[in-house]
1. If we only count helices (runs of 4 or more DSSP H) wholly inside the range 345-386, which ones have 1 or more residues that are among the basic types (Lys, Arg) and at pLDDT 95 or above?
2. Is it the case that GLU227 is out of contact with any Phe, Trp or Tyr (no Cβ under 8 Å at 6 or more places or on another chain) and within 24 Å of PRO373 (Cα to Cα)?
3. Considering only residues that are small (Gly, Ala, Ser) and either surrounded by 14 or more Cβ atoms within 10 Å (Cβ to Cβ) or assigned to a helix (DSSP H, G or I) (or both), which ones fall in the range 387-423?
4. Would you be able to say whether some residue in the range 234-246 is touching a residue at least 60 places away in the same chain (Cβ under 8 Å) and of a type in the set (Lys, Arg)?
5. Here are some conditions: (1) farther than 22 Å from SER327 by Cβ; (2) within 18 Å of the chain's Cα centre (by Cα). PHE153 meets all but one. Which one does it not meet?
6. Within the range 388-423, restricting attention to residues that are modelled with pLDDT of 95 or more and β-branched (Val, Ile, Thr), which residue is farthest from GLU227 (Cα to Cα)?
7. Is it true that some residue in the range 255-267 is over 17 Å from THR124 (Cβ atoms), touching a helix residue (DSSP H, G or I) at 6+ places or on another chain (Cβ under 8 Å), surrounded by 21 or more Cβ atoms within 10 Å (Cβ to Cβ) and not assigned by TED's automatic domain parsing to the domain that holds ILE202?
8. Under 8 Å by Cβ, and 6 or more places apart or on different chains, what pairs join a residue from the range 85-105 that is basic (Lys, Arg) with one that is surrounded by 21 or more Cβ atoms within 10 Å (Cβ to Cβ)?
Amino acid sequence: MRKRVSVWLLAFSAVLVMSMVVSAAPTKITFWHIYDGGEVQSWMKDVVRRFNEANPDIIVEDLGVNFWDYWTKIATATAAGIAPDVAMNDLGNVGQRAHADMIIPLDEYMAQSGVTLDEFWPATHSVIIWDGQVYAMPWETDVRVLYYNKAAFREVGLDPESPPQTWDELKEYADLLTSRDSNGRLTRIGFHPNLGNMYWWIFAWQNGATLVDDEGKIELYTPEAVEALEYVKSFLDTYGLRELTSFTSTFGGDAMDPFLIGKVAMVGNNNTFRETILRYAPDMEFGVARLPHNGTPASWSNGFSLEISSQSKNPEAAWRFLSYLMSPEIQAEYAKVNSSLVGSIAGSTDEELMADPSWRVMIDEMGVSRFRPFSLEAPTWYDSSLSPELDAVYQGMKDPDQALRDAQKNYEDEVARWHRTHR
């Protein structure tokens, strides 16, 4: 009997020790991102190391994947049921993954941690919230601003410290800055609304269009939207389609960007374009200004989100790491390392960053920026329904009114097809 009791005690002791070991073992979570080399990857590795050291009960294993391969890899992993616990993704279509239950709502974790929406840029709220719940954190965002060549301004008698503020001024300045050779061929264009990183919907917003109706559906055909497209087309009409096509066909990227080599005097581009200028044209004298508008200041933003997979077995640990990445301190570090705007307002407005006048312009523009409205039924409406119609306008095949009328019908047809297949 005594021997049997001893055996049970030994067995119980072994189980107790094993349970203590198991309970003491750190929780492992995986984190996938798009930084697979260079300074940003080294920085991210260091961030993960610091988190692991400060949180011995959690081990984060990160994986950086080449940007162009990342999206296929994460889609494949998700379909196979082996998605990472925390992942970067496209900030503009969070709703698509939320609707498909691929990611989890974060409201409960935010409340427990004291994290509130007002810590992040208002523009991001429309895309991280789905069906009344927060499904993602805005890791990184961007914004479009106006870059202009100060030397070109002086050349035509414009004040290099007074960039255009309205649509009328933008058109006036563009005409003055456009030059031609003795044969009438373009040698420089003042402004091209389709160069850089500008899109028609920015102009639509600047003219008072919202692009969504009262029910949240995409609304492309409105008087304000048509007028905006007419304004965009007016630049192309001034230059002439054939001549403009010939002139822009020689444009390149990076060091051969048309703005950097003096072929374009003003261009709308995102905040990271500033680093391109400083890298490839360090002696260029340029200015950064808010986008001219027609009564409604507006810009466009997109970016990357951080999300927790619904497949995660350790969502609490995943949230602890995710919230660490979203802290103002880490966000400010990332902004400095990658010259990126970040989702955290406090991180974006770090004192060191705000010492740069160009950065302050971008922060001001971020205050009026918007995201493209998301449509569950037609998540890429801007490519599938809108883009062909805009091209028809630019090629002189349709007028703006007919093109946007057709774009609206294209979108409504997409929505109808979605509902037929999702009953």
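The values are calculated or read from the model by the stated rules, or taken from the named source; none is laboratory data. For clarity, every value in this text was computed on a predicted model and none was experimentally measured. Heads up, the Cβs are rebuilt from the backbone with ideal geometry, glycines too, and the neighbour counts pull from every protein chain shown.
1. On the way: elements: 345-348, 351-354, 357-366.
Output list reads 357-366.
2. Details: out of contact with any Phe, Trp or Tyr (no Cβ under 8 Å at 6 or more places or on another chain): yes; within 24 Å of PRO373 (Cα to Cα): yes.
In short, yes.
3. Step one: filter the range 387-423 for residues small (Gly, Ala, Ser), giving 387, 392, 396, 403, 407, 416.
Of everything in the range 387-423, those that are small (Gly, Ala, Ser) and either surrounded by 14 or more Cβ atoms within 10 Å (Cβ to Cβ) or assigned to a helix (DSSP H, G or I) (or both) turn out to be SER387, ALA392, ALA403, ALA407, ALA416.
4. Looking for residues that are touching a residue at least 60 places away in the same chain (Cβ under 8 Å) and of a type in the set (Lys, Arg), one finds none in the range 234-246, hence no.
5. (2)
6. Checking each candidate, the answer is VAL415.
7. No, that holds for no residue.
8. ARG97/ASN89; ARG97/ILE103; ARG97/TYR135; ARG97/GLU307
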